Amino acid sequence: MLVDKAPNQLKLPFALWTRDAVRLAIKKKSGIELPLRTITDYLKRWGFTPQKPAKRVYEQAPKKLKQWLEKGYPEIASRAKKEKAEIHWGDETGVNNEAYNARGFAPKGQTPIVCSSMRQEAASI
């Protein structure tokens, strides 16, 4: 359940698998309420580590991005080189003045992903 689903897919009010999210999921599924320390021990035993999530937007189009990186970007890079210009990059989620410093648990080596809407990101700018 923790590997295949995000908490919000299970109708839990969390974006990432935090200790509280795992605790609530266990309570909903089995009716057992466990202390946070026990949840921490279980997560560690299962190979989960706290990690900073990667951000992705729902509207991301991987095919279009690949096409742009192969055709569109080389043209821009070539022009920038001719004009001795610098190219500055922003991430795919846009610029946001609200920090999202939360960490979520995921299997070691598998970065958790927080999805958001580009419209939501643009509204917060």
Modelling each spin label as a point 7 Å along the Cα-to-Cβ direction, I'd like the Leu69/Lys52 distance in nm, to one decimal. 2.1
For the range 1-83 the chymotrypsin sites (Phe, Trp or Tyr not before Pro) that pass both the DSSP coil test and the at-most-10 other-Cβ-within-10 Å test are Tyr58
Taking 0.36 nm per intervening residue step and subtracting the Cα-Cα distance, what contour gain separates Lys28 from Ile76 on full extension? 12.0 nm
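Readers should treat all values here as calculations from the given coordinates under stated rules, not as data from a laboratory. Computed from a predicted structure; not experimentally measured. Neighbour counts run over all protein chains shown; Cβ positions are idealised from the backbone, glycine included.
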